[in-house]
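Okay, structure first, notes after.
The values are calculated or read from the model by the stated rules, or taken from the named source; none is laboratory data. Because the structure is a prediction, the values reported are computed rather than measured. Using ideal geometry, Cβ is built from the backbone for each residue, glycine included, and neighbour counts are taken over all protein chains shown. In case anyone asks, the SASA skips ligands and DNA or RNA and just uses the protein heavy atoms, side chains included. Shrake-Rupley method; radii C 1.70, N 1.55, O 1.52, S 1.80 Å.
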Amino acid sequence: MKTVSAREAKTRFGELLDTMQREPVLVTKNNRPVGIMISIKDASDTLIPELFMEKENGYEEWFAAKVTASLDAVNTGTETLTEHDQAMDRVWERVVARAKPAPR
């Protein structure tokens, strides 16, 4: 990861835009980290997009209802929890199945 001072970032901003396409750029002020520059592609792999996405009207209520219903189902014994690794294995199996070309 490249590290630059805030002053250097100001004077070399265009160059740093190119650099951050290859690697994150840490910006410091008074020798303390104050920010990081990353590409949109790198940001898409984080929760950053969630912070800026506009939610549709009623999303929060819908989400709260889904969570409540799930917790109720677990608490009453009608549903069980799945270990994280097992859940990720299932997700991966679905991704692989969808990626396979359809038979001709």
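Summary table
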quantity	calculated
Check on Glu23, exposed (fewer than 11 other Cβ atoms within 10 Å of the Cβ), out of contact with any Gly (no Cβ under 7 Å at 6 or more places or on another chain) and charged (D, E, K, R)	no
Only one of Lys100, Lys55 that is without any contact (Cβ under 8 Å) to a residue 60 or more places away in the chain and open to solvent by 100 Å² or more (accessible area, probe 1.4 Å)	Lys100
Contacts under 7 angstrom Cβ, first residue in segment 71-94 being among the basic types (Lys, Arg), partner assigned to a loop (DSSP other than H, G, I, E, B) and open to solvent by 100 Å² or more (accessible area, probe 1.4 Å), 6 or more apart	none
Residue among Glu93, Glu79 that alone is assigned to a loop (DSSP other than H, G, I, E, B) and surrounded by 10 or more Cβ atoms within 10 Å (Cβ to Cβ)	Glu79
Residue in segment 26-40 that is closer than 27 Å to Met1 by Cβ, open to solvent by less than 100 Å² (accessible area, probe 1.4 Å) and of a type in the set (D, E, K, R) present	no
